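Worksheet: one structure, shown below.
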Amino acid sequence: MSDPVVTNKVRFSYVSVFQPREALGGGEPKYSITVLIPKTDTQTMQRINAAIQKAISDNLATTFGGVQPPSANMPVHDGDGLRQDGTPYGTECKGHWVINASTKMKPEVVDANGQHIMDQSEVYSGCYGRVSLRFYTYNKAGRKGVGCGLGNVQKLADGEPL
(Lines give C-alpha, C1' and ligand atoms only; values in the text may rest on other atoms or scores of the structure.)
Protein backbone atom coordinates (compact mmCIF):
# COMPACT_ATOMS: atom_id res chain seq x y z
CA MET A 1 0.00 0.00 0.00
CA SER A 2 1.18 3.52 -0.78
CA ASP A 3 2.01 6.24 1.71
CA PRO A 4 -1.16 8.10 2.68
CA VAL A 5 -2.34 11.08 0.67
CA VAL A 6 -4.31 13.68 2.62
CA THR A 7 -6.64 15.64 0.38
CA ASN A 8 -7.31 19.35 0.45
CA LYS A 9 -10.97 20.31 1.03
CA VAL A 10 -13.29 17.85 -0.74
CA ARG A 11 -17.02 17.09 -0.69
CA PHE A 12 -18.30 13.86 0.84
CA SER A 13 -20.91 11.61 -0.73
CA TYR A 14 -22.25 8.14 0.12
CA VAL A 15 -20.89 8.51 3.65
CA SER A 16 -20.64 5.33 5.70
CA VAL A 17 -17.86 6.10 8.20
CA PHE A 18 -19.60 5.23 11.47
CA GLN A 19 -21.21 1.92 10.45
CA PRO A 20 -19.86 -0.49 7.82
CA ARG A 21 -22.05 -1.04 4.76
CA GLU A 22 -22.34 -4.24 2.76
CA ALA A 23 -20.84 -3.90 -0.70
CA LEU A 24 -23.04 -4.09 -3.78
CA GLY A 25 -23.22 -7.71 -4.81
CA GLY A 26 -22.47 -8.87 -1.27
CA GLY A 27 -19.15 -9.25 0.41
CA GLU A 28 -17.75 -8.20 3.74
CA PRO A 29 -19.22 -4.94 5.10
CA LYS A 30 -16.83 -1.97 4.93
CA TYR A 31 -16.64 1.63 6.01
CA SER A 32 -16.66 3.82 2.93
CA ILE A 33 -16.99 7.27 1.44
CA THR A 34 -17.11 8.76 -2.03
CA VAL A 35 -14.73 11.69 -2.30
CA LEU A 36 -15.52 14.51 -4.75
CA ILE A 37 -12.33 16.42 -5.57
CA PRO A 38 -12.80 19.71 -7.46
CA LYS A 39 -11.00 19.57 -10.81
CA THR A 40 -9.44 22.91 -9.87
CA ASP A 41 -7.54 21.16 -7.03
CA THR A 42 -4.57 20.13 -9.16
CA GLN A 43 -2.33 19.89 -6.06
CA THR A 44 -4.34 17.04 -4.51
CA MET A 45 -4.65 15.27 -7.86
CA GLN A 46 -0.89 15.45 -8.47
CA ARG A 47 -0.29 13.73 -5.11
CA ILE A 48 -2.97 11.11 -5.83
CA ASN A 49 -1.64 10.36 -9.32
CA ALA A 50 1.91 10.04 -7.95
CA ALA A 51 0.68 7.63 -5.23
CA ILE A 52 -1.19 5.53 -7.82
CA GLN A 53 1.90 5.32 -10.05
CA LYS A 54 4.07 4.43 -7.05
CA ALA A 55 1.66 1.64 -6.03
CA ILE A 56 1.80 0.25 -9.58
CA SER A 57 5.58 0.44 -9.89
CA ASP A 58 6.20 -0.96 -6.39
CA ASN A 59 3.93 -3.95 -7.02
CA LEU A 60 4.31 -4.55 -10.75
CA ALA A 61 6.18 -7.83 -10.33
CA THR A 62 4.15 -9.24 -7.44
CA THR A 63 0.62 -8.18 -8.45
CA PHE A 64 0.80 -8.06 -12.24
CA GLY A 65 3.59 -10.53 -13.04
CA GLY A 66 5.87 -7.75 -14.26
CA VAL A 67 3.48 -6.44 -16.94
CA GLN A 68 1.12 -3.53 -16.35
CA PRO A 69 -2.34 -4.58 -17.58
CA PRO A 70 -3.51 -2.36 -20.47
CA SER A 71 -7.04 -2.07 -19.09
CA ALA A 72 -6.48 -2.00 -15.33
CA ASN A 73 -9.30 -0.61 -13.19
CA MET A 74 -8.32 2.75 -11.71
CA PRO A 75 -9.77 4.41 -8.60
CA VAL A 76 -10.18 7.94 -10.04
CA HIS A 77 -13.19 8.66 -12.24
CA ASP A 78 -14.28 11.76 -14.17
CA GLY A 79 -17.51 13.11 -12.65
CA ASP A 80 -18.30 14.75 -16.00
CA GLY A 81 -18.20 11.36 -17.73
CA LEU A 82 -20.00 8.07 -17.32
CA ARG A 83 -19.89 5.43 -14.60
CA GLN A 84 -18.47 2.02 -15.47
CA ASP A 85 -22.02 0.79 -16.12
CA GLY A 86 -22.53 3.56 -18.71
CA THR A 87 -24.85 5.77 -16.67
CA PRO A 88 -23.93 9.40 -16.00
CA TYR A 89 -22.69 10.54 -12.61
CA GLY A 90 -25.04 12.72 -10.54
CA THR A 91 -25.03 16.50 -10.85
CA GLU A 92 -23.01 16.78 -7.60
CA CYS A 93 -20.11 15.06 -9.41
CA LYS A 94 -19.91 17.57 -12.27
CA GLY A 95 -16.60 19.42 -12.25
CA HIS A 96 -15.07 16.86 -9.86
CA TRP A 97 -12.87 13.79 -9.80
CA VAL A 98 -14.68 10.93 -8.05
CA ILE A 99 -12.93 8.37 -5.82
CA ASN A 100 -14.60 5.60 -3.83
CA ALA A 101 -12.55 4.69 -0.76
CA SER A 102 -13.23 1.92 1.76
CA THR A 103 -11.71 0.06 4.68
CA LYS A 104 -12.53 -2.85 6.96
CA MET A 105 -11.28 -0.89 9.99
CA LYS A 106 -13.35 1.94 11.47
CA PRO A 107 -11.76 5.27 10.49
CA GLU A 108 -11.11 8.04 12.96
CA VAL A 109 -13.63 10.83 12.33
CA VAL A 110 -12.78 14.28 13.69
CA ASP A 111 -13.92 17.89 13.36
CA ALA A 112 -11.89 20.88 12.12
CA ASN A 113 -10.21 21.11 15.56
CA GLY A 114 -9.23 17.43 15.62
CA GLN A 115 -11.91 16.50 18.20
CA HIS A 116 -13.65 13.14 17.73
CA ILE A 117 -17.14 13.41 16.27
CA MET A 118 -19.61 11.27 18.19
CA ASP A 119 -22.87 12.53 16.65
CA GLN A 120 -23.16 10.54 13.44
CA SER A 121 -25.53 13.10 11.88
CA GLU A 122 -22.61 15.61 11.82
CA VAL A 123 -20.88 13.82 8.92
CA TYR A 124 -23.19 13.36 5.93
CA SER A 125 -23.30 13.31 2.16
CA GLY A 126 -22.81 16.92 1.08
CA CYS A 127 -20.54 18.18 3.87
CA TYR A 128 -16.90 19.11 3.26
CA GLY A 129 -13.67 17.88 4.74
CA ARG A 130 -10.37 16.08 4.23
CA VAL A 131 -9.64 12.39 3.97
CA SER A 132 -6.54 10.26 4.15
CA LEU A 133 -6.27 7.82 1.22
CA ARG A 134 -3.93 4.92 0.44
CA PHE A 135 -3.65 3.27 -2.96
CA TYR A 136 -2.95 -0.43 -3.52
CA THR A 137 -2.85 -2.86 -6.41
CA TYR A 138 -4.99 -5.97 -6.77
CA ASN A 139 -5.33 -8.99 -9.04
CA LYS A 140 -8.35 -10.92 -7.87
CA ALA A 141 -11.02 -13.00 -9.59
CA GLY A 142 -9.82 -11.92 -13.03
CA ARG A 143 -9.92 -8.21 -12.15
CA LYS A 144 -6.72 -6.18 -12.06
CA GLY A 145 -6.22 -2.62 -10.98
CA VAL A 146 -5.59 -0.07 -8.28
CA GLY A 147 -7.91 0.32 -5.31
CA CYS A 148 -8.29 3.08 -2.74
CA GLY A 149 -8.18 2.49 0.99
CA LEU A 150 -9.83 4.93 3.38
CA GLY A 151 -7.85 6.32 6.30
CA ASN A 152 -9.06 9.04 8.63
CA VAL A 153 -11.83 11.57 7.96
CA GLN A 154 -11.93 15.21 9.03
CA LYS A 155 -15.09 17.30 8.65
CA LEU A 156 -14.31 20.93 7.85
CA ALA A 157 -17.64 22.51 6.92
CA ASP A 158 -21.33 21.89 6.44
CA GLY A 159 -22.78 21.79 2.95
CA GLU A 160 -26.09 21.22 1.23
CA PRO A 161 -27.10 17.61 1.93
CA LEU A 162 -27.05 15.33 -1.10
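What net charge is computed for the residues neighbouring V15, neighbours being all others with C-beta under 12 Å from the C-beta of V15, Lys and Arg scored +1, Asp and Glu -1? Spell out each step's value before the answer.
Values: positive: R11, R21, K155; negative: E122.
Within the 12 Å Cβ shell, the charges total +2.
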Report task. Using R₀ = 41 Å, calculate the FRET efficiency as 1/(1 + (r/R₀)^6) where r is the Cβ-Cβ separation of A157 and T62; round to 0.05. Result -> 0.50
Report summary line: Straight-line reach check, K106, cutoff 18 Å on alpha carbons, 8 or more apart in-chain or any other chain, hits among lysines -> K30, K155
Report task. With a probe of 1.4 Å, find how much accessible area region 1-70 has per residue, and write the answer as a whole number in Å². Result -> 55
Report summary line: V6 neighbourhood, Cβ < 15 Å, K/R = +1, D/E = -1, net charge +2
Query raised in the report: Which angle from 0 to 90°, rounded to the nearest 10, does the C-alpha axis of helix 42-64 make with the longest principal axis of the chain?
Result: 40
Query raised in the report: How much of the calculated P(r) for the chain lies past 25 Å, in percent of all Cα pairs?
Result: 30
Requested in this report: Keeping all protein chains in position, work out how much accessible area E108 exposes to a 1.4 Å probe, and write it in Å² to the nearest 10.
Outcome: 80
**Report entry** Estimated inter-spin distance, Q115 and A23, nm [label 7 Å along Cα→Cβ]
**Finding:** 3.7
Query raised in the report: Per residue, what accessible area does region 81-162 have, given a 1.4 Å probe and all protein chains present, in Å²?
Result: 56
Report summary line: Summing +1 per Lys or Arg and -1 per Asp or Glu among the other residues with Cβ less than 10 Å from G126's Cβ gives -2
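The values are calculated or read from the model by the stated rules, or taken from the named source; none is laboratory data. The model shown is predicted, which means the values in this text are computed figures rather than measured ones. Positions of Cβ are backbone-derived with ideal geometry, glycine not excepted, and every protein chain shown enters the neighbour counts. Note: accessible area is taken over every heavy atom of the protein model, side chains too, but ligands, DNA and RNA are not part of it. Shrake-Rupley method; radii C 1.70, N 1.55, O 1.52, S 1.80 Å.
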